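> Below is a structure I'd like to ask you about.
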């Protein structure tokens, strides 16, 4: 509130100094027209003295560094997918051979299917639970702090550690499940040995690992919902369910986008756990795309072919998150707070 | 507002009566979130029981591990498993990981704060393009570019060194860190910048005397975030190193899993040892970490 009134005040003084306003508008016409709603604020920003502003050079080291290790490899992986490259020697250009092999590779078809299933199941499994727990944790309950602290613990464990823990817990010969099985009247409980059950274990372990993170996201999102909205709804006689449906859910839309993008990209690139828990098996029933890439590249040393698999991954992951970002306006970060 | 004020006395009662008082309030937001509470209890079991079983297993004698139930406290607790894990070189792996983590955090802090400063304060369209690029960079999965990274590291003659892990790990932590820092630097008020400018401060002085001190919480957040990435990283060590001298803790655990398949308590003890340092960071810097995670979604 105070920020807004003060910026309006500066905006008013500005109208008295046409020279300053003219120069401000001249420097940045596009932004002034874009931010329509808070014209006073943007005019005030433009009027700020220009000394002390960093030149664009400040962004160069970060940009170069990131570009060299992340953006450049992105271009390279596209090129490498057109080459044949074994463990020794250097990549030889072979055109589209890898790609024509890739589109008919039944393992690739299966891997894409499994990756999409993992993504879908993870989203369906993780989103409601994260939202429920996050909104709960944003409330006023006692014990909330203690429970939240415990819920956070899986985030401290590496995915390697998590995979090892769950593998030990689910071991059919030694361990809790082997102990529990006979007491439930089951001869042997080998959940990692069955094709479907192994895949479901991967879905579950990924949820166990990542729900705390998404819960935190939803907690943060729910905390930022202005209480006045709920008070207004209460005065209007809206019940809890309607308040959730008409206030909480729409207000959380940015959080839902962020969380969903993270979930989708995370599931599409899920790798460590699969390598440690199932190594793609039994058979090929958990060979999702990243694992297929690892196997082709660093198991069989067909690095060109593996690059084609990897580039498919880039395309799918980037397209998905771009679409989600575009349709929900997440990139337009300044606008979320305006108008409140 | 008046409704809230009228309720005040009820919530001032001694804490034992609070639950009861809450139940008798008018329906609305103040009513306890029963569904959420129930879900929280279920999730507590799902998170708590495996972690408890983990801790119990690590103090269980190997020969008792299968015999005694997973949830009963061990009849004859021991620290032998931890001793065995340390004998197997866990401390060396932890040291390697610590070196990598410190280096990654240092690189990320310097580069992200400079980039963030430029994105927030520079008024050229170029820098908003930079910001957009980092936003897109969030979507580049390290798995997808591991093969070219492997090639780059070999060409730089860095294969099987700790530097080989540091460089890409820091690069892939950058987008999130820039995003978090931009969020926290935008909260610095315009008046402070104007005061600095009136003082005649250039961009370096503004950065060091205003931006860095006032984004301390953002900086500690990204520091912890980068540390977490480095400490728990798996793919880069897996692909870019191979010898025991450069082994990080995650790779150490992976190797143990293959070598000591039968010695589950020893393996799990190593898992616990690997997590203790992060747990300590969590105890002292939990707020920064949580805030950082929330900052990504909350803005």
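> When segment B:196-208 is examined, which residues are found to be assigned to a helix (DSSP H, G or I) and within 11 Å of another protein chain (Cβ to nearest Cβ)? Lay out the reasoning, then the answer.
Narrowing segment B:196-208 to residues assigned to a helix (DSSP H, G or I): B:196-198, B:203-208.
Answer for segment B:196-208, where residues must be assigned to a helix (DSSP H, G or I) and within 11 Å of another protein chain (Cβ to nearest Cβ): B:196, B:197, B:198, B:203, B:204, B:205, B:206, B:207.
> Looking at this structure, is residue B:49 exposed (fewer than 15 other Cβ atoms within 10 Å of the Cβ), at pLDDT 80 or above and farther than 15 Å from residue A:143 by Cβ?
Working: exposed (fewer than 15 other Cβ atoms within 10 Å of the Cβ): yes; at pLDDT 80 or above: yes; farther than 15 Å from residue A:143 by Cβ: yes.
Yes.
> Still on this structure: Is there a residue in segment B:204-211 that is out of contact with any helix residue (DSSP H, G or I) (no Cβ under 9 Å at 6 or more places or on another chain) and either farther than 17 Å from residue A:158 by Cβ or surrounded by fewer than 16 Cβ atoms within 10 Å (Cβ to Cβ) (or both)?
The answer is yes; a qualifying residue exists.
> Residues to consider are A:177, A:155, A:133; find the one that is assigned by TED's automatic domain parsing to the domain that holds residue A:285, surrounded by 19 or more Cβ atoms within 10 Å (Cβ to Cβ), over 29 Å from the mean Cα position of the chain (by Cα) and closer than 18 Å to residue B:47 by Cα.
Details: A:155 fails: over 29 Å from the mean Cα position of the chain (by Cα); A:133 fails: over 29 Å from the mean Cα position of the chain (by Cα).
Step by step, each of A:177, A:155, A:133 is checked, and only A:177 is assigned by TED's automatic domain parsing to the domain that holds residue A:285, surrounded by 19 or more Cβ atoms within 10 Å (Cβ to Cβ), over 29 Å from the mean Cα position of the chain (by Cα) and closer than 18 Å to residue B:47 by Cα.
> With (1) part of a helix (DSSP H, G or I); (2) surrounded by fewer than 23 Cβ atoms within 10 Å (Cβ to Cβ); (3) at pLDDT below 85; (4) within 12 Å of another protein chain (Cβ to nearest Cβ) as the list, and residue B:217 as the residue in question, which single condition is left unmet?
Checking residue B:217 against (1) part of a helix (DSSP H, G or I); (2) surrounded by fewer than 23 Cβ atoms within 10 Å (Cβ to Cβ); (3) at pLDDT below 85; (4) within 12 Å of another protein chain (Cβ to nearest Cβ), the one that fails is (4).
> Still on this structure, please answer the following. Test each condition in (1) touching a residue at least 24 places away in the same chain (Cβ under 8 Å); (2) not in a helix (DSSP H, G or I) for residue B:211 and report the one that comes out false.
The failed condition is (2).
> Can you pull out every residue in segment A:198-235 that is surrounded by fewer than 16 Cβ atoms within 10 Å (Cβ to Cβ) and at pLDDT 90 or above?
Let us first name the residues in segment A:198-235 that are surrounded by fewer than 16 Cβ atoms within 10 Å (Cβ to Cβ), namely A:200, A:223, A:226-228, A:231-232, A:235.
Within segment A:198-235, just A:200 meets the criteria.
> Restricting to segment B:126-157, and then to whatever is assigned to a helix (DSSP H, G or I) and out of contact with any helix residue (DSSP H, G or I) (no Cβ under 8 Å at 6 or more places or on another chain), can you tell me which residue is nearest to the other protein chains (Cβ to nearest Cβ)? First the steps, then the outcome.
Narrowing segment B:126-157 to residues assigned to a helix (DSSP H, G or I): B:126-137, B:142-155.
Subsequent filtering for residues that are out of contact with any helix residue (DSSP H, G or I) (no Cβ under 8 Å at 6 or more places or on another chain) retains B:129, B:132, B:154-155.
Working: B:129: 9, B:132: 7, B:154: 10, B:155: 10 Å.
Looking at residues that are assigned to a helix (DSSP H, G or I) and out of contact with any helix residue (DSSP H, G or I) (no Cβ under 8 Å at 6 or more places or on another chain), I get B:132.
Results for (1) under 30 Å from residue B:177 (Cα atoms); (2) touching a helix residue (DSSP H, G or I) at 6+ places or on another chain (Cβ under 6 Å); (3) modelled with pLDDT of 65 or more, shown as yes or no for each residue.
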residue: B:4; (1), (2), (3): no, no, no
residue: B:8; (1), (2), (3): no, no, no
residue: B:18; (1), (2), (3): no, no, no
residue: B:24; (1), (2), (3): no, no, no
residue: B:58; (1), (2), (3): no, yes, yes
residue: B:85; (1), (2), (3): no, yes, yes
residue: B:89; (1), (2), (3): no, no, yes
residue: B:92; (1), (2), (3): yes, no, yes
residue: B:106; (1), (2), (3): yes, no, yes
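> Okay, moving on. Tell me, please, whether a residue that is under 32 Å from the mean Cα position of the chain (by Cα) and either within 26 Å of residue A:161 (Cα to Cα) or surrounded by 15 or more Cβ atoms within 10 Å (Cβ to Cβ) (or both) can be found in segment A:236-243.
Restricting attention to segment A:236-243, the residues satisfying the condition of being under 32 Å from the mean Cα position of the chain (by Cα) are A:240-243.
Add one more test, that the residue is either within 26 Å of residue A:161 (Cα to Cα) or surrounded by 15 or more Cβ atoms within 10 Å (Cβ to Cβ) (or both), and what stays is A:240, A:243.
Yes - at least one qualifying residue is present in segment A:236-243.
> Going by the structure shown, is residue A:268 at pLDDT below 90 and farther than 22 Å from residue A:82 by Cα?
Numbers: at pLDDT below 90: yes; farther than 22 Å from residue A:82 by Cα: yes.
Yes, satisfied.
> When the residues of segment A:261-302 are narrowed to those that are more than 22 Å from the chain's Cα centre (by Cα) and at the interface with chain B (Cβ under 9 Å from one of its Cβ atoms), which ends up farthest from residue A:318 (Cα to Cα)?
If we filter segment A:261-302 for residues that are more than 22 Å from the chain's Cα centre (by Cα), which is where we start, we get A:276-285, A:295-302.
Next, only the ones that are at the interface with chain B (Cβ under 9 Å from one of its Cβ atoms) stay: A:276, A:297-298.
On the way: A:276: 26, A:297: 22, A:298: 24 Å.
Here the answer is A:276.
> Scanning for something at the interface with another protein chain (Cβ under 10 Å from one of its Cβ atoms), farther than 21 Å from residue A:214 by Cβ and either over 19 Å from the mean Cα position of the chain (by Cα) or free of Cβ contacts under 8 Å to residues at least 12 places away in the same chain (or both), does segment A:97-115 turn up at least one residue?
No, there is no match, as no residue in segment A:97-115 is at the interface with another protein chain (Cβ under 10 Å from one of its Cβ atoms), farther than 21 Å from residue A:214 by Cβ and either over 19 Å from the mean Cα position of the chain (by Cα) or free of Cβ contacts under 8 Å to residues at least 12 places away in the same chain (or both).
Residue-wise test of (1) assigned by TED's automatic domain parsing to the domain that holds residue B:249; (2) under 18 Å from the mean Cα position of the chain (by Cα); (3) crowded, with 20+ Cβ neighbours inside 10 Å.
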| position | (1), (2), (3) |
| --- | --- |
| B:129 | yes, no, no |
| B:145 | yes, no, yes |
| B:150 | yes, no, yes |
| B:159 | yes, no, no |
| B:166 | yes, yes, yes |
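> I want to confirm something. Restricting to segment A:52-79 and keeping residues that are over 27 Å from the mean Cα position of the chain (by Cα) and at the interface with another protein chain (Cβ under 7 Å from one of its Cβ atoms), which single residue is surrounded by the fewest Cβ atoms within 10 Å (Cβ to Cβ)?
That would be A:55.
> Please tell me if residue B:264 is within 11 Å of chain A (Cβ to nearest Cβ), more than 24 Å from the chain's Cα centre (by Cα), crowded, with 22+ Cβ neighbours inside 10 Å and touching a residue at least 24 places away in the same chain (Cβ under 8 Å).
Yes, satisfied.
> Has segment A:167-180 got at least one residue that is within 13 Å of chain B (Cβ to nearest Cβ), touching a residue at least 40 places away in the same chain (Cβ under 8 Å), in contact with a helix residue (DSSP H, G or I) (Cβ under 6 Å, 6 or more places away or on another chain) and closer than 30 Å to residue A:134 by Cα? Give the derivation first.
From segment A:167-180, those within 13 Å of chain B (Cβ to nearest Cβ) are A:167-180; that's our starting set.
Still in the list and also touching a residue at least 40 places away in the same chain (Cβ under 8 Å): A:167.
Retained after the next criterion (residues that are in contact with a helix residue (DSSP H, G or I) (Cβ under 6 Å, 6 or more places away or on another chain)): A:167.
Narrowing further to those that are closer than 30 Å to residue A:134 by Cα: A:167.
Yes, that holds for at least one residue.
> If you take the residues of segment A:80-90 that are crowded, with 16+ Cβ neighbours inside 10 Å and farther than 12 Å from residue B:147 by Cα, which of them is nearest to the chain's Cα centre (by Cα)?
Checking each candidate, the answer is A:82.
The values are calculated or read from the model by the stated rules, or taken from the named source; none is laboratory data. This is a predicted model, so every value here is computed, not measured. Cβ coordinates were reconstructed from backbone atoms using ideal geometry, including for glycine residues, and neighbour counts include every protein chain displayed.
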